[in-house]
Amino acid sequence: MLDANSVLEVLRPVEDPELRKSLVELNMIRNVKIDNGAVSFTLVLTTPACPLREFIVEDCQKAVKQLPGVEEVIVDVTAETPQQKSLPDRTGIAGVKNILAISSGKGGVGKSTVAVNVAVALAHTGAQVGLIDADIYGPNAPSMLGLDNAKVVVQKTQQGDVLEPAFNQGVKLVSMGFLIDPDQPVIWRGPMLNGVIRQFLYQVEWGELDYLIVDMPPGTGDAQLTLAQAVPMAGVVIVTTPQNVALLDSRRGLKMFQQMGVPVLGLVENMSYFIPPDLPDRQYDLFGSGGGEKTSQELDIPLLGCIPLEISLRQGGDQGLPIVVADPESASAKALIAIAKQIAAKVSIAALSSK
């Protein structure tokens with residue numbers, strides 16, 4: 001007999017490929033309906049950016065079509081992003097499910113490019129995304145997100161001043177760049193930097209967010225310590241280039257977060273190779289090759305992806321139009337979108353595994 005129970009039973013062996021648990025047991029199959037041989041149900045994924053979405057849908061359809069009398073299978077895909085486990089000594093942010101950092105051991109490796117494009121890529125999958133530009137001394141996320149002329153609104157409340165973030169490409173953004181003149185240097189010692197990062201965390205009207213991404217300054221200084229000690233973090237992504245000096249510094253940054261008890265989600269190798277615009281089939285290893293893969297193996301952390309160096313990638317950052325929007329079919333955009341999906345998947349796995 002074709003009914004909701006028989007549909008659930010035939011779907012029970014179908015597993016989430018990354019969690020390796022039954023979709024039915026995970027309560028990811030809901031609202032089963034049958035109408036004249038047409039079976040419909042809702043598939044609730046753990047992130048809108050699920051990298052294996054098409055495979056899961058296909059497996060579900062194949063399983064249900066085995067039932068006698070089934071003529072059509074309609075799968076309505078939605079997502080509920082799980083929330084990271086709270087920690088007793090760190091204060092979460094109301095409405096924010098997952099906080100993760102994009103960091104690097106040294107400057108100039110394209111960390112902000114990765115942070116901005118990952119944030120936009122996640123937002124374009126349907127996720128609610130915020131971005132903190134925590135590089136207080138060199139805030140450039142507003143320029144890269146097309147928000148050079150934006151101003152944050154300060155609201156007076158009983159709890160103090162609350163910032164209304166700027167918004168573009170589906171991403172909410174706060175940055176020191178909104179609070180100072182373009183040529184004004186920030187000449188602060190550590191305690192003042194600590195204060196403004198905490199303000200960006202707790203005194204911003206973030207609303208409901210699936211992911212709050214923090215674009216860190218390079219190194220292992222006050223900003224990293226403040227973030228790691230203040231909030232429960234879903235994890236950190238370390239950005240490097242294949243160059244030896246960058247890899248050495250990335251290892252130091254990685255070890256710092258591990259010592260602070262922050263999960264390392266993986267390594268991203270930026271500027272992996274150069275693709276000339278007039279010869280798109282050629283690749284030039286300007287900064288060496290294989291360094292990210294070797295480092296990931298030595299440190300036993302995932303290599304989330306390798307991003308090629310393209311002129312259009314640089315142009316997108318300069319023009320305030322991230323490459324994942326400006327040229328989504330380019331090699332660098334495809335790499336960044338895939339990396340964003342890998343990050344989202346790992347965050348979901350970590351959240352569900354801790355429950």
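The values are calculated or read from the model by the stated rules, or taken from the named source; none is laboratory data. This structure is a prediction, so every number in the text was calculated from the model and none was measured. Don't worry about glycine lacking a Cβ; one is built from the backbone with ideal geometry, like all the others, and counts go over all protein chains shown.
Just a few scattered comments:
- Residue in segment 54-75 that is in contact with an Asp or Glu (Cβ under 8 Å, 6 or more places away or on another chain), part of a loop (DSSP other than H, G, I, E, B) and either among the charged types (D, E, K, R) or without any contact (Cβ under 8 Å) to a residue 40 or more places away in the chain (or both) present: no
Residue by residue, here is whether (1) more than 23 Å from ASP222 (Cα to Cα); (2) buried (at least 21 other Cβ atoms within 10 Å of the Cβ); (3) touching a strand residue (DSSP E or B) at 6+ places or on another chain (Cβ under 9 Å) holds:
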{"site": "ARG90", "(1), (2), (3)": "no, no, no"}
{"site": "GLY95", "(1), (2), (3)": "yes, no, yes"}
{"site": "LYS106", "(1), (2), (3)": "no, no, yes"}
{"site": "ALA119", "(1), (2), (3)": "yes, yes, yes"}
{"site": "ASP133", "(1), (2), (3)": "no, yes, yes"}
{"site": "LEU145", "(1), (2), (3)": "yes, yes, yes"}
{"site": "PRO165", "(1), (2), (3)": "yes, yes, yes"}
{"site": "SER175", "(1), (2), (3)": "no, yes, yes"}
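- Flag if ASP249 is surrounded by 14 or more Cβ atoms within 10 Å (Cβ to Cβ), closer than 25 Å to TYR211 by Cβ and of a type in the set (Asp, Glu): no
- Residue check, GLU293 surrounded by fewer than 18 Cβ atoms within 10 Å (Cβ to Cβ), more than 20 Å from the chain's Cα centre (by Cα) and without any contact (Cβ under 8 Å) to a residue 24 or more places away in the chain: no
- Any hit, segment 21-31, residues being outside the structural domain of VAL118 (by TED's automatic domain parsing), assigned to a helix (DSSP H, G or I) and surrounded by fewer than 17 Cβ atoms within 10 Å (Cβ to Cβ): no
- Flag if LYS85 is more than 13 Å from PRO48 (Cα to Cα), in contact with a Ser or Thr (Cβ under 6 Å, 6 or more places away or on another chain) and in a loop (DSSP other than H, G, I, E, B): yes
- Tally, over segment 108-149, of residues that are under 20 Å from SER330 (Cα atoms) and either of a type in the set (S, T, N, Q) or part of a strand (DSSP E or B) (or both): 4
- Look at segment 206-222: where a residue is on the phi < 0 side of the Ramachandran plot and crowded, with 24+ Cβ neighbours inside 10 Å and a partner is in a loop (DSSP other than H, G, I, E, B) and aromatic (Phe, Trp, Tyr), sitting 6+ places away or on another chain with Cβ atoms under 8 Å, you get LEU212/TRP206.
- The single residue among PRO277, PRO328, PRO308 that is in contact with an Asp or Glu (Cβ under 8 Å, 6 or more places away or on another chain), of a type outside the set (A, V, I, L, M, F, W, C), more than 26 Å from ASP16 (Cβ to Cβ) and not in a helix (DSSP H, G or I) turns out to be PRO277.
- Evaluating ILE180 against the criteria (1) closer than 18 Å to LYS151 by Cα; (2) surrounded by 15 or more Cβ atoms within 10 Å (Cβ to Cβ) leaves one unmet condition, (2).
- When segment 32-53 is filtered for residues that are surrounded by 21 or more Cβ atoms within 10 Å (Cβ to Cβ) and either part of a loop (DSSP other than H, G, I, E, B) or of a type in the set (Asp, Glu) (or both), the ones remaining, listed by number, are THR46, THR47, PRO48, ALA49, CYS50.
- Here GLY195 fulfils each of the conditions (1) loosely packed, with under 14 Cβ neighbours inside 10 Å; (2) in a strand (DSSP E or B) apart from (2).
- Among all positions in segment 111-125, there is no residue which is hydrophobic (A, V, I, L, M, F, W, C) and more than 30 Å from ASP249 (Cβ to Cβ).
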